[in-house]
1. Working from the alpha-carbon coordinates of region 56-98, get Rg over Rh, Rh being the Kirkwood radius.
2. Grab the Cα-Cα distance for L98 and Y20, subtract it from 0.36 nm times how many residues apart they are, and report the gain in nm with one decimal.
3. So for the chain, averaging the separation of alpha carbon pairs under 8 Å that are six or more residues apart and normalising by length, what relative contact order in percent results?
4. Report the gain in length on full extension from L76 to F12: 0.36 nm times residue separation, minus Cα-Cα distance, nm rounded to one decimal.
5. Going toward the positive end of the dipole of region 1-97, with +1 on Lys and Arg Cβ and -1 on Asp and Glu Cβ, which of I96, M21, V49 do you reach last?
6. Could you order the peptides 38-50, 68-80 from most to least packed, using the average number of other C-beta atoms within 10 Å per residue?
7. Highest mean first, what order results for 13-26, 86-99 on Cβ atoms within 10 Å?
8. Which helices, taking whole DSSP H runs in the chain, have alpha carbons extending 20 angstrom or more along the helix axis plus mean Kyte-Doolittle at least -0.5?
Amino acid sequence: MIEAYHYYFASFTLFLVGMYMMIENPNLIRKIIGLNLSQVAVYLMLVTVGYVDGASPPILSPGFEEPHANPLLHVLVLTAIVVGVALTALALALTIRLYKEFGTLDTREIEAAIAADETGGGSDD
């Protein structure tokens, strides 16, 4: 029997580490890695919730017996993985664009450069 509490604890820990990385790190790449860690934590939580000990696959056949696993959570995880990959690709593309524009991945320096442009440091030409 799988003890689900270990997976819940691992999921919660991964989520907290990911959130900490997104909030605390000024580097954009590390923020994206933190976002991915949080996503993996959600995937682990959904798969853990959908696990049924001793369950059979949900395929209707002459020998179909209870209990069976609910495929909905697994489908949601697969969909979330696809969305997560697309979100990561978009975030990395925007990070590359910001690096080309400002020459840094540090959010504090990017914010300072934007503030300097808004206060009249840049020209409108």
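1. In region 56-98, Rg relative to Rh is 1.39.
2. Result: 25.8 nm gained on full extension.
3. 23
4. Additional length available on full extension: 21.1 nm.
5. In region 1-97, that residue is I96.
6. Top to bottom by mean Cβ count within 10 Å: 38-50, 68-80.
7. The most tightly packed comes first, giving 13-26, 86-99.
8. Span-like helices in the chain: 4-24, 28-50, 71-102.
Every number here is computed from the coordinates shown, using simple stated rules; none is lab data. What you see is a predicted model; the values in this text were computed from it and never measured. Because the Cβ atoms are built from the backbone with ideal geometry, glycine has one as well, and the counts that use them run over all protein chains shown.
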